[in-house]
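> I am attaching a structure below and will ask some questions about it afterwards.
Readers should treat all values here as calculations from the given coordinates under stated rules, not as data from a laboratory. Since we're looking at a predicted model, the values are computed, not measured. When we count neighbours, we look across all protein chains shown, and the Cβ atoms used for this are built from the backbone with ideal geometry, even at glycine.
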Amino acid sequence: MFSRVRYLFVKELIQVLRDKRLRITLILPPIFQLIVFGYAANLDVKHIHTAIRDLDRSVDSRDLIDRFGSSKYFNIVFHPETPREMENLIKKGDVVLGIEIPTDFSRKLKKGDTAAVQIIVDGTESNTAMIALGYVNRILSEYSADILLKRINREGMIGFEEAGVELHHRTWFNPNFESRLFYVPGVIASIAFLIPIILTAQAIVREREIGTLEQIMVTPIRSWELMVGKTLPFAMFGLLDVFMIALIGVFWFEVPLRGNPFVLLLGAVLFLMSSVGIGLFISTISSTQQQAQISTFFFTMPAFILSGFAFPIENMPEWIQYITYTNPLRYFLVIVRGVFLKANGLDILWPQILALAVLGGLMILLSSLRFQKRLK
């Protein structure tokens, strides 16, 4: 029994290693994804291109402009003279933020009145716009507090210190808010998800296309032995890719591995069960490799969107959140980020481990039953 599985396993290994296209698929796409998400996928909003139209040209307005210019979040790149010029800069995308200081800005401050400042923000990229407005509000709040304190001291309360709550914040796990610490561990999950699905579906469909699958079935090999022998190599390659990406993430991108690697290994093995099962299922509904590619795309894209890889699940409609519970990628992302960034162990991650074991077992069972039925 095991000898037949071993011979089929070795045959698949030789076939994959001989196929130049498959060898490239195993190495280049994982590294390319890691480079893209490690360097290009960055949600950190800094150096926002800003245009300031100062109509007051006073000491107070220049003080406010200096506060924006000295911040790492804003780059003052234009000083438009007219409203139309400001509008064109935002329309063309040359700036994200426009600030207009009115002519009576300094006069109102000296009188003790409230001085208005107009903020114009390009809302095309809503995330950037909201973060930029948050930075603006912070700078204006600090400026207003300083103005109020100077006014109180000027009116005779020398040495007065404004009472209030002083905030001391401490950020755990990612103190510098670096996007790569969030995305690079996610690439490990995406690779462990995509590679086994693609290779398993393509390999079995290719055997069916060239007619060798029927030849194998006339041998004494059982259907479950065929399934194990065909899918085990691709699970192994997926595990090797996980190991490779993890090493690159730790030593090149300096993503800390704070938890136990064996917890990550256990989660990866259970997750690969689901990936292989999905690839096997796709092979049963596809007659050609082109159909398998299209089916893989239509399955994996919603899985990524509903996994929390880039979009928080909590922000999704409630009925969609229930659907995400059937997505194995959701659970493995929690495991991989928990092990890397939070040093979580089995005492915390056991619900995700259990969910992967159940989903992986069900997916393997469903796919194997359909696989056997398709062979008959």
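> Using the crude model of +1 on Lys and Arg Cβ and -1 on Asp and Glu Cβ, and no other charge, please compute the dipole size for the chain relative to its Cα centre, in debye to 20. Write down the numbers at each step before the final one.
Values: 38 positive and 33 negative charges, 355 e Å.
The dipole magnitude comes to about 1700 debye.
> Provide the net charge surrounding I335, with neighbours chosen by a C-beta distance below 14 Å and charges set as Lys +1, Arg +1, Asp -1, Glu -1.
Its environment carries a net charge of +3.
> What's the local net charge at G259, with K and R +1, D and E -1, over the other residues with C-beta under 15 Å away?
Result for the local shell: +2.
> Here is a follow-up. In whole Hz, what ³J(HN,Hα) sequence does region 91-100 give by Karplus (6.51, -1.76, 1.60; θ = phi - 60°), x for Gly and Pro?
For region 91-100, the Karplus curve yields 4, 6, x, 6, 9, 9, 10, x, 10, 10 Hz.
> Out of the DSSP beta bridges found with both residues in the chain, what percent are antiparallel (nearest 5)?
Around 30 percent antiparallel, to the nearest 5.
> Which distance in Å, rounded to a whole number, links the C-alpha centroids of region 279-348 and region 233-249?
18 Å
> Tell me, what ³J(HN,Hα) does each residue in region 138-145 have, in order and in whole Hz, if you take phi through Karplus 6.51 cos²θ - 1.76 cosθ + 1.60 with θ = phi - 60° and put x for Gly and Pro?
Each residue of region 138-145 in turn: 5, 5, 5, 5, 5, 5, 5, 5 Hz.
> In square nanometres, what is one fourth of the surface area of the convex hull spanned by the alpha carbons of region 17-107?
That works out to 8.1 nm².
> Expected output is a single nm value to one decimal: the length gained when fully extending between S144 and T326, i.e. 0.36 nm times separation in residues minus the C-alpha distance. What is it?
Taking S144 through T326 to full extension adds about 60.5 nm, to one decimal.
> Give the angle, between 0 and 90 degrees and rounded to the nearest 10, that separates the Cα long axis of helix 59-69 from the longest principal axis of the Cα atoms of the chain.
Rounded to the nearest ten degrees, it is 10.
> Specify the residue with the greatest mean-square fluctuation among G345, G238, G267, computed from a Gaussian network of the chain linking alpha-carbon atoms under 10 Å apart.
Largest GNM mean-square fluctuation: G345.
> Give me the three principal axis extents of region 267-376 from the C-alpha atoms, as integers in angstrom, largest value leading.
47, 27, 24
> Continuing with this model, one more query. Lysine pairs in the chain 8 or more apart or on different chains: how many have alpha carbons under 27 angstrom apart?
Number of lysine pairs found: 17.
> Relative to the longest principal Cα axis of the chain, at what angle does helix 20-35 sit, 0 to 90 degrees, rounded to 10?
20 degrees
> Report ³J(HN,Hα) in whole Hz for each residue of region 184-194, in order, from the Karplus equation J = 6.51 cos²θ - 1.76 cosθ + 1.60 where θ = phi - 60°; Gly and Pro get x.
My calculation for region 184-194 gives 4, x, x, 5, 4, 5, 5, 5, 5, 8, 7 Hz in order.
> Taking amide H positions as placed 1.01 Å from N in the peptide plane, with prolines and chain starts having none, which residues 5 or more places from Y73, or on another chain, fall under 5 Å of its amide H?
Residues meeting the amide H criterion: H47.
> Also: If you compute volume of the Cα convex hull per residue in Å³ for the structure shown, which of [x] 145; [y] 202; [z] 187 do you land on?
The calculated read-out lines up with [z].
> Show the residues, 5+ positions off or on another chain, whose built amide H is closer than 5 Å to the amide H of V255.
V250
> In the chain, if the dipole is taken from +1 on Lys/Arg beta carbons and -1 on Asp/Glu beta carbons about the Cα centre, which of V228, T124, L26 is farthest to the positive end?
Checking the options against the dipole of the chain, the answer is V228.
> Using only helices, what value at 222 nm comes out for the chain when you add -39,500 (n - 2.57) per DSSP H run of length 4 or more and divide by the total residues, to the nearest 500 deg cm²/dmol? Let's see the in-between values first.
Values: 14 runs with 243 residues, N = 376.
After summing the helix terms and dividing by residue count, I get -21500 deg cm²/dmol.
> Near the amide H of V121, under 5 Å away, which other amide H atoms are found, from residues 5 or more places off or on another chain, if H is placed in the peptide plane?
When sequence neighbours closer than 5 places are left aside, the close amide H contacts are G98.
> Relative to the first principal axis of the alpha-carbon coordinates of the chain, what is the inclination of helix 261-284, with its axis defined by its Cα atoms, in degrees from 0 to 90 and to the nearest 10?
Its long axis makes an angle of about 60 degrees.
> Sticking with this one: Mind ordering 322-334, 132-144 by average Cβ neighbours within 10 Å, highest first?
The densest-packed peptide leads the list: 322-334, 132-144.
> Given the options P351, P80, P185, state which has the largest fluctuation in a GNM of the chain using a 10 Å cut-off (strictly under) for Cα springs.
Among P351, P80, P185, the largest mean-square fluctuation in the Gaussian network model of the chain belongs to P80.
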